[in-house]
Amino acid sequence: MDWRWWFWWVLASTVGWAVGGGLSGSLGSIQAGYVGGMTVGATGAGMLQWLVLRQRIDRAGWWMPATLLSSAVVGALIVAVGVVGGRNWNLTWSADPGRVVVGLAGMGLFGTALGALQWLVLRRRIARAGWWVLAGGVGWIVGAPLGAVLGGGLSGVLGWSGSGAIDWALTWGGVGAVYGAIMGRVLVWLLRRRAAGAAAATAPV
């Protein structure tokens, strides 16, 4: 049952981010595409994740607003810092060590902020939900570049690389799939701990 629930979580994350990425691909600039991918993708993913999450957690309705708020604020901040610092967005995936470090730091910040606001929803319902915040930062540092490479590679294989909305949708969908797989596994672990704690509390002495 846990793995079936995990599958739906990953699917929700993938579809949500893919839709957001596809919409952001028509915004006309790389900066707008990143902010759009983060905010619109997070909104879609947050909504679909909520449909899955509410099966296990009561009063999870704040999940989507928390996801949208954190992604919008941090997404705009990352782009603003890039613009002020003269960042060349066309070289986002450059192998230059400095750019790689800055890019990963930005992803870690985004994932940590996203996890922190989502933690506000989880903390009253799941013990030790603080792990979610740490997992959020690690999940984005690992999931964003790996997922983008996988999604972008698939786009290239299918001949859609550089085709705007489809290319962005596959790239962000790859990010959502990898990130969703990581975070879904963490959530399954937290829910198992909660179930084990509840069973121990109700066991006869």
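Below, the figures for the structure above:
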{"quantity": "Candidates Val35, Val19 - the one that is within 18 Å of the chain's Cα centre (by Cα), surrounded by 13 or more Cβ atoms within 10 Å (Cβ to Cβ) and modelled with pLDDT under 85", "calculated": "Val35"}
{"quantity": "Among the residues listed as Val83, Val52, Val79, the single one being at pLDDT below 80, over 18 Å from Ala144 (Cβ atoms) and either assigned to a helix (DSSP H, G or I) or out of contact with any Cys (no Cβ under 7 Å at 6 or more places or on another chain) (or both)", "calculated": "Val83"}
{"quantity": "Filtered residue count, the stretch 97-146, keeping only those that are β-branched (Val, Ile, Thr), at pLDDT below 80 and touching a Ser or Thr at 6+ places or on another chain (Cβ under 9 Å)", "calculated": "1"}
{"quantity": "Extreme residue, nearest to Trp189 (Cα to Cα), among residues of the stretch 116-132 that are in a helix (DSSP H, G or I) and in contact (Cβ under 8 Å) with a residue 60 or more places away in the chain", "calculated": "Leu122"}
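The values are calculated or read from the model by the stated rules, or taken from the named source; none is laboratory data. All values reported here derive from a predicted model rather than from experimental measurement. Please note: Cβ atoms are built from the backbone with ideal geometry, for glycine as well, and neighbour counts cover all protein chains shown.
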